[in-house]
Amino acid sequence: NWKNNLVFNVMKIVDGSNKAFKTDHPGIIMHTGNTYVEGDIMTIDFEMSAKNLDPFGVFSMKWLKDNNRKGLAMGYVFRRYKINLKTEEITFHDILAPEFNSNGFPIINPTIQGKKHCYTYITEMFFQINKTAVLKIDHCNGNAITRWEEQGVYVSEPYFIDNPESEVEDDGLIVVSVFDEKIGKNRFVMIDAHTMKPVSDTKLPIRLPMTLHAQFFPKASSVGLSQAPVFI
């Protein structure tokens with residue numbers, strides 16, 4: 001609701017007590033990255049629409065089918081908020097703020113959830129130039145960006161699989177289903193989360209919808225759960 005400013009409600013898990021922290025601006029939050037607390041400061045990352053524009057315009061079939069389509073202003077940002085839990089001061093800065101189209105589906109190594117993290121992986125959706133990408137943002141080094149991208153390929157929501165034998169945050173795989181317009185079908189790509197280089201690329205016998213959510217589940221076996229991917 002662009003008539004109302006954002007309010008963050010913070011609840012203590014131990015006793016269920018709740019406190020509201022009010023901002024001085026509106027916005028529409030779509031997906032949350034990571035949240036962690038250091039001292040009195042709570043840090044939260046959001047993919048959000050920061051301007052009063054259609055947040056779903058990039059999914060308009062009329063626009064997508066237009067071969068001469070132009071960049072679509074959506075007001076999307078990937079924003080980091082810092083809330084001082086003691087003074088109630090709220091500050092923020094935009095990590096990504098593309099002029100057109102959007103970034104979405106932020107993920108991290110799930111074993112780092114709730115802790116200070118260095119890396120966020122997020123999807124870049126630049127449909128007007130027939131390109132999407134998976135970006136790696138290094139928050140610990142000035143938000144430096146590394147990317148995996150390929151012309152004419154459209155990625156779904158990526159997922160991070162941690163290397164259970166390592167304690168290094170970016171030691172793992174980014175797994176993602178991509179639609180490849182060159183072959184008219186999907187591919188299943190595994191990307192080294194450290195280098196952002198593909199280590200496996202498998203052609204699938206089917207075509208899946210355009211960029212949508214996805215999820216990874218370990219495969220059940222007679223001896224429990226293995227790390228064989230089941231990706232839907």
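The values are calculated or read from the model by the stated rules, or taken from the named source; none is laboratory data. Since we're looking at a predicted model, the values are computed, not measured. Heavy atoms of the whole protein, side chains included, go into the accessibility calculation; ligands, DNA and RNA do not. Shrake-Rupley method; radii C 1.70, N 1.55, O 1.52, S 1.80 Å.
Shape annotation for segment 50-109: C-alpha extents along the principal axes are 52, 30, 15 Å, from largest to smallest. Each principal axis of the Cα atoms in segment 1-72 has its own extent, and those three values, largest first, are 54, 26, 19 angstrom.
For the chain, the solvent-accessible area works out to 55 Å² per residue, with a probe of 1.4 Å and every protein chain left in place. Expressed as a whole percent, the accessible area of the chain that falls on carbon and sulfur atoms is 54 (1.4 Å probe).
Using a cut-off of 30 Å between Cα atoms, the listed pairs LYS19/LYS116; LYS86/LYS136; LYS82/LYS131; LYS22/LYS116; LYS3/LYS86; LYS3/LYS116 include LYS86/LYS136; LYS82/LYS131; LYS3/LYS116 as exceeding that distance. Semi-axis lengths, largest first, of the ellipsoid equivalent to the chain are 30, 25, 15 Å, with √(5λ) applied to each eigenvalue of the Cα gyration tensor. Working from Cα pairs under 8 Å separated by at least six residues, relative contact order for the chain is 11 percent.
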